[in-house]
Every structure is written in C-alpha cells, then in structure tokens.
1. Long-range amide H contacts for VAL32: which residues qualify at under 5 Å (H placed 1.01 Å from N, peptide plane, sequence gap of 5 or more or a different chain)?
2. Taking 7 Å along the Cα-to-C-beta vector as the label spot, tell me the GLU360-ILE384 distance in nanometres, rounded to one decimal.
3. Say a site is exposed when it is one of the GluC sites (Glu not before Pro), sits in a DSSP loop, and has at most 16 other Cβ atoms within 10 Å; what is then the longest site-free stretch of the chain?
4. At most 15 other Cβ atoms within 10 Å and a DSSP loop assignment: could you name the trypsin sites (Lys or Arg not before Pro) in segment 73-176 that fit?
5. Give a quick list of trypsin sites (Lys or Arg not before Pro) in segment 276-306 that DSSP marks as loop, anything other than H, G, I, E or B, with at most 16 other Cβ atoms within 10 Å.
6. Report, ordered by chain and residue number, the aspartates and glutamates lying within cross-link reach of LYS5, taken as a straight Cα distance under 15 Å and ignoring same-chain residues fewer than 8 apart.
7. For segment 97-296, what ratio Rg/Rh do Cα atoms give with a Kirkwood hydrodynamic radius?
8. For LYS217 and ARG78, what does the FRET efficiency come to when R0 = 30 Å and r is the distance between their Cβ atoms, rounded to the nearest 0.05?
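Any read-out appearing in this document is the output of simple, stated calculations on the displayed coordinates, not a laboratory observation. Since we're looking at a predicted model, the values are computed, not measured. Using ideal geometry, Cβ is built from the backbone for each residue, glycine included, and neighbour counts are taken over all protein chains shown.
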Amino acid sequence: MNFQKKTIVYGFGITGQSIISYLLKKNNKLIVIDNKKLSEDQKSFFKNNNIEYSENENEINDLSIIEQCFVSPGVDLRKSFFQECIKKKIPIRNDTFFLNQIDRKKTKLIGITGTNGKTTFCSLLASILSFNDLKSIAVGNIGIPILNILTTQNKFDYIVVELSSYQIEVLDKMTVFDYGVILNIEPDHLDRYDSFIDYKNAKLKLANHSKTILHDKESAVVNDHANAFPIDPKDFHIEEIKTDFFTFKKQNKIYRIDTPYLKGVHNVKNIMYLLKLLEIMNCNISFEKVRNFFRNQKGIPHRFEYLSIDNNYIFINDSKATNLASTKSALNSLNGKIHLLFGGDLKNQPLDGIENFFNEKLISLNLYGKDAVIIKDYLLNKKIKFDMKCFVSLEAILESIKKIVKKDEIILLSPGCASQDMFMNYQDRGNQFVEVCKKIFKCS
C-alpha cells in the first residue's frame, strides 16, 4: 500500500479556501491550520472531505509526513514551524505557484507590487486592456484568488497579478512574469520585517522573476537586469493638475486626460506609469482610446474615494491608506480645509517627520485605535498647532466633526495604519465610515 504524504494549507481565508477547493479536486490529503474557531458548517465540510484541522501548527509533530505547505499572504514565515519546514526542505508555496499551469503561449503575465497604489494600478491596467479588446483580469492580493481563473474555462490575453511582499518572498523559481512593475517602496509592514531594508529587498525580488521590469528610479532601484526601465516621475513633464483633469507634455505637444473619478496627485502618477507600461508592452492603444477610458473610469472603493453623502461637505474614504506614506499622498492631493480621521495599528512604523504632513490645511486631527495615544504624545512633543483629540470610535469622531465642520470642508478617512485592531480589514473600516457618515449627516 502506497503512503500518501499530506499537504498543509496555512490560513483559512479567501486564498486558503480557494487552495483547499483546488487541491481536493486533485485528491490531495490536507491539513488546514488557522487560529479561527470553525462554524458547524465548516466542521461538517472538513469531516466530509477527510480534512484535518488544527488551530496550532505546533500540534504537528511529524514533518516527515508533509509533502508541501501552502501559505496565505499574511502568514509570517519567521515562525519556527516554517523554519523547520525549510530545514527539512519541505516546499513553502502560495497560490502564485499555480500560475505555472497557465498556457504562456496564449496568455501574458504582469506582476505588480509597491507599497502604495498597486490595487488601483492593477485594476486600471486590467480594465484599460479589456476596454481595448484585450481580455484581461486582475487577481491576487487585489482580492480575487489566482485559482479562480484556473477553475474557469475563460481564456485571457493578460493576467494582472497584484503581489504583496509576502507573496513575492515565496515565488516559485519557475514563476516568471512577462512584465513586472515596482511602483514605489516606502516603510511598511515593519511588524513583519526586521528592518525596512528586509522589506525593500522582498519587493525587489520581483525583478528576478520578470522578463521586463518597470521600476521607480528613486525608491525601487533595480540593478543588473537586462531589460529594466527605471521611471522618474520628473520625466512625465506634468504641466497642470486640476480637480478633474491633468495635462502633460510629450515631444513638445500638450496632452490632456480627464479624470472626473480619479482625483489626486497619486492617481496622476499611477496613470503616467500605466501609459509608460502600455508603451513598453507595445499594445497599440491610441491616446484617444486612453482618453475615452479615463473619462468614464470609476475610482477604486476605499482608495481616495469621493462619497456622495452631503453636498455641503466633501467626504473621502481612503481606508486603503494603511501606511503613513499613503496618508501623506492623500493630504498632498487636497487643497481645502481638512478634518482627518487617523489611527489604528502603526505596525512599528517610525513616526519621525509625520508632523510635516499636517500643514495649515488641517483643521482637526481625530485619532483613534490602538496607537492613538502614541501618535498624540509624539505630536504634542512637536508642539503642533492644530486641534487634536483621541476618540474611541468613528462615530464619536464624526459626531465631534459635525459640530465644527463648515461648508466645503473635507472629512477625510486616511488612517495611515492597519485596521485589524478595531475592524476585520480595511474594507470593513471603510464601509463603517461610510455608514456612520450617512447616519450622522442624515443622508441616504
């Protein structure tokens, strides 16, 4: 009788569930590890499919029975369990491993990473390609599991994969993207990495898995790559940025792109990166088609998203701003008077210099979450001059803002921190912000 080794799936979120579903069809024997308590339906599913379940990896004493280990994006590979797996040469993989099964003669892969802007960039890239009859989809860290496209009969010209540093860490050596893009690298996830250099190096590894790499010239320097395109935003020659359009100069000609739904300096930068990538890809998409696309393209939920709540004030949901650099970009993109909702879990981000984010545009700084007091104490030591208070909830903040906000002022949720101290994720945080705004400002 042949002994069949088992596969570990570490993490029972959206990605983990897609991996489990796929491996069951391949008759893999599975052990699932997650610290969540199972519902009765989940227990029945595991029992009916002969899946072992553990809330603690240390309960697995015999690694000789393990063939491979699949991890979800947020799992910390510094755990002693994974170090033991590495010692015993047990492959540690994630769902990017299955990209190797795609027919590369028919489909090109594009890998996108960066600290900020990658979700917007991936969504825009897949959408503009599809808009021009090149069937495309954005998957990965953007929220759609990679395995979703392998279990359908759909064929794509391009698959755009949003990659976190965690996913890049365990890319299979056979996984190679036709095009890789590193948008920017700023301090983030310093609760997961021992230093910013370690985090940066994890991002830069995408270049080793890309035939062609487009990268930010300053923050994401790639060395020794045969087909690298360093990008300097100064080379975009932006002439003018207005609320709903911007212009740039190329070969002594001025071009205009209308962006009624994609506001902010950071979105202008995303669009210019996108144009450069399309040029490198030689997609034969005319500038007029680009203009038509952006004229009607909606923004991304929770990413500098303008809300229709009360015409007297401007509401912006930027819950996707999970690090300080992203909040800085949001503030730099606005010209009005701002009431900022800021806070959560800093993830060990250094606060040095954040007082410079908050200039004369800021009317009130409204802090909440796990590290609110740490942020407040730091700023008090810097002798800041604007109104600053700590609150226990978004509702308490918005009740306070309602008493002082004036017509045409901006109410901005751009937390600069992770969300899990108070919310399920950044989407939950953004959704709650929207609902509380509607409730307090009595609009539907």
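1. Correct list: VAL9, GLU52, TYR53, SER54.
2. Using points 7 Å along Cα→Cβ, the separation is 1.9 nm.
3. With a cap of 16 other Cβ atoms within 10 Å, the longest stretch comes to 56-217.
4. In loop regions of segment 73-176 (DSSP not H, G, I, E or B), the sparsely surrounded trypsin sites (Lys or Arg not before Pro) are ARG78, LYS79, LYS88, LYS89, ARG104, LYS105, LYS106, LYS135, LYS155, LYS173.
5. LYS298
6. GLU52, ASP62, GLU67
7. Using Cα coordinates only, the ratio equals 0.96.
8. Details: r = 31 Å, r/R0 = 1.04.
The pair LYS217/ARG78 has a calculated efficiency of 0.45.
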